[in-house]
Amino acid sequence: MEWSDDRGVPRRSPAILEEIQPSGALLLLDTDCPPHKANAVRLSPCGYRGKARRSTESPSGYHIEIAFDKGVRWHPADYQPTHSFNPNSRPTPPAAPGPHH
């Protein structure tokens, strides 16, 4: 994730994408200088732009809520994270064991 701090200094930090939806995302950053409310941000590699809406400190870093800019909408066909998990999907049960010979 990339952003400029309150003084205009460019910042960059690896982020874990925890949630993504059409209007925004929730990221986890391990940084001592997270973006503050209303800081413009850019998510890599997808390039989505938005604003930090909330920054909450947690034991594992900072959770940053991002609202995408007007006209920016996420769609799975445009960008699909490699580690995504759909909680509405159900795992396929293992096949029943075959007969023993």
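Structure data summary
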quantity	calculated
Simple label model, 7 Å out from Cα along Cβ direction - residue 18 to residue 37, nm	1.9
Proxy reagent accessibility, fewest Cβ within 10 Å first, across 13, 55	55, 13
Whether the range 2-68 is rounded, prolate or oblate, judged on the alpha carbon gyration tensor where a/c under 1.5 counts as rounded	rounded
Exposure proxy order (Cβ contacts within 10 Å, fewest to most) of 64, 16	16, 64
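Where a number appears in this text, it was derived from the coordinates with a stated rule and is not lab data. All of these numbers come straight from a predicted model, not from anything done at the bench. Neighbour counts are summed over all protein chains in view; Cβ atoms, including those assigned to glycine, are modelled from backbone coordinates with ideal geometry.
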